[in-house]
Amino acid sequence: MPAKYVIHTKPVAHRFEPITRSGIIAWEEGCLKCPVCVKRQCVYGVYDHRHLDARQMIDSIDNQCMNCLRCVQSCPKELIHKSLNPEYKAIGDAHWTPDIISRLWYQAETGKIPVSGAGYNGPFSGPGFDSMWTDMSEIVRPTRDGIHGREYISTAVDLGRTPRHLLFTRQGDLEGHTPNVLGIPMPILMRLPGFGSISNETVLGWNLAARRLGTLMAVPLELINSGQVEFSRWSIPVITSHESDPGRGLQGAPMVEIPWGEEWKDYRDELTSVEASPLICDKIVLEKGAEEKVLRAVDGGASMIHLEGSMGGRFVDDHSRYIKDGIRSIHLRLVEEGVRDEITLLASGGIAMAEQVAKSVICGADAVFVDFAILIALECRMCRRCTEGLSCPVEIKDAAASWVAERVVNLLGAWHNQLLEVMGAMGIRDARRLRGESGRAMFFEELDRETFSSMGEIQEGCELE
Ligand code: SF4
Ligand code: SF4
């Protein structure tokens, strides 16, 4: 049995004060000047250490307050209030919500799984991945704990076409070619986000993280320079132009991504003709007709497909459809056609939480790409100022590569532990077996249909009053 894959994390401080969910408002007017002010009784010494960060205009009490509400409840004149921070509510968008962003910051800082306390006060269903529930019926078994227990849970997955069977000679040697399959220790790859205040140092940090985690980082070929040659084993050069020299920047890269299409056939042939040619991943945009394109790509000999959704986790051309549904329908279609095992399906588009990795795999993906999550790990506020050429409020491009790498390792370390938790609770010990295992999940739309679609219908033999 291979050694247990463990991601070691350690706290890595923020470079800037994070925007907090709530702030303290303490009025002075009407103060009775009590001999012992409740502010002095704060066990965390929040008021005693109070200071203003002049650069960011942030009051330290907002970040240091632990929300015990003691001062709020004890002030006899009720002069102290906690209120929702409007700046917090304004960060991100409908998909990258303030809560998701602040949890990603927490995981990148601590490397720990965010815990929200006892009970759950959120909704039980919602759009996209939120309409899918995983079966946690095995959670009662303590030995199932893949993080601390003795259970061995493998999160490793294979990329590339796996042969249907192997043939051996009488001497026991493998007949024919050794299959070109690449193993990664967890079903998560990284890719450059679509925007961000990104410098060479940032990309170097992501490369360092990919090497430490044993996964791969997809970077446009034009951004690969001589300084990144040492990371080529953990890189996926992304080619978008026919003009790119197929040999340049590919030395040692185990995989390369090109757009799928007839016009890329010659380029692909050239790529496969180079010595020790890399695995080729064909990118297909998740939009209307993607299913047919995937089938044609499989027919055309593709071994790996990257389904690229929008950064909001939806189809690129139809915002009413979610990547969850796209992955599932394409996976089921490949199963129906009897070709599912001939292809590796990778998915990207708004993967924002560890649970979405597990849910994508249950829907049928072999692995997913994360992009904006590794930018948010660097304190990105998704304000999009960089897209307008304005300065980044958290100066991401100036961050040292080592800090970038440690933050991303922390984030994916926390995600890996959550994946182990989910798999352990589902009783699944191998991520390869989780793929398409929809029997371990419930889908709200299906339950809703099954339960309520017959309501109002008149059953045979039933008489209405
Ligand atoms: S709410 Fe609690 S932790 Fe926050 S400032 Fe008041 S006493 Fe301190
Ligand atoms: S914080 Fe704003 S400006 Fe900086 S990288 Fe993120 S989106 Fe761009």
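The values are calculated or read from the model by the stated rules, or taken from the named source; none is laboratory data. Everything quoted here is computed from the prediction, not taken from an experiment. Cβ sites come from the backbone with ideal geometry, for glycine too, and all protein chains shown count toward neighbours. When the accessible area is computed, the model is the full protein with side chains, heavy atoms only, and any ligands, DNA or RNA have been set aside. Shrake-Rupley method; radii C 1.70, N 1.55, O 1.52, S 1.80 Å.
A compact table of results
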item: Efficiency of FRET between Y44 and I147 - r from beta-carbon atoms, R0 45 angstrom, step 0.05; result: 0.95
item: Alpha-carbon centroids, the stretch 360-389 and the stretch 192-236: separation in whole Å; result: 15 Å
item: The stretch 43-199: Rg to Rh, with Rh as the Kirkwood radius over Cα pairs; result: 1.13
item: Computed [θ] at 222 nm, deg cm²/dmol, the chain (DSSP H ≥ 4; -39,500 (n - 2.57); rounded to nearest 500); result: -8000 deg cm²/dmol
item: Total charge dipole magnitude, the stretch 30-76, about the Cα centre, Cβ charges on Lys, Arg, Asp, Glu only, Debye to nearest 20; result: 180 debye
item: Table column - 3J(HN,Hα) (Hz), the stretch 332-349, Karplus curve with 6.51, -1.76, 1.60, x for Gly and Pro; result: 5, 5, 5, 5, 4, 7, x, 10, 4, 7, 8, 9, 9, 10, 10, 10, 9, x
item: Among P127, G427, M455 the positive-end extreme of the charge dipole of the chain (Cβ point charges); result: G427
item: Taking only Cα atoms of the stretch 157-448, radius of gyration then Dmax in Å; result: 19.1, 68
item: Overall Cα dimensions of the stretch 1-116 - principal axes, largest extent first, Å; result: 68, 31, 28
item: Residue list for the stretch 39-66, given a label point 7 angstrom along the Cα-to-Cβ vector of S22 and an amide N cut-off under 14 Å; result: 62-66
item: Dipole magnitude of the stretch 157-448, debye to nearest 20 (Cβ charges: Lys/Arg +1, Asp/Glu -1, about Cα centre); result: 740 debye
item: Sulfur and carbon atoms: percent of accessible area, the stretch 1-86 [1.4 Å]; result: 57 percent
item: Solvent-accessible heavy-atom area per residue, rounded to whole Å², over the chain at 1.4 Å; result: 52 Å²
item: Inter-probe distance in nm under a simple model that places probes 7 Å from Cα toward Cβ, at L182 and T169; result: 3.0 nm
item: FRET efficiency, L447 to E138 (Cβ-Cβ, R0 22 Å, nearest 0.05); result: 0.60
item: Two-decimal Rg/Rh across the stretch 365-421, once Rg and the Kirkwood Rh are taken from alpha-carbon atoms; result: 1.05
item: Positive dipole terminus of the stretch 157-448, leading residue within N417, G350, V404 (C-beta point charges); result: N417
item: Amide hydrogen neighbours beyond the local backbone of G436, cut-off 5 Å, H modeled; result: I362, C363, G364, A365
item: Bridge type composition, the stretch 157-448 - antiparallel percent by DSSP, nearest 5; result: 15 percent
item: GluC sites (Glu not before Pro) restricted to the stretch 327-367 and DSSP loop, no more than 13 other C-beta within 10 Å; result: E337
item: Shape of the stretch 263-315, Cα gyration tensor, a/c cut at 1.5; result: prolate
item: Loop trypsin sites (Lys or Arg not before Pro), the stretch 262-343, which have at most 14 other Cβ atoms in a 10 Å radius of their Cβ (DSSP); result: K288
item: For the stretch 10-69 and the stretch 96-132, distance of Cα centres in Å; result: 24 Å
item: 10 Å-binned pair-distance histogram of the stretch 388-442 (Cα, whole percent); result: 19, 31, 21, 18, 12
item: Ellipsoid semi-axes in whole angstrom, largest first, where each is sqrt(5λ) of the Cα gyration tensor of the stretch 22-89; result: 21, 13, 12
item: Spread of Cα-to-Cα distances over 5 Å intervals beginning at zero, given as percent, for the stretch 178-316; result: 2, 9, 19, 21, 22, 16, 8, 2, 0
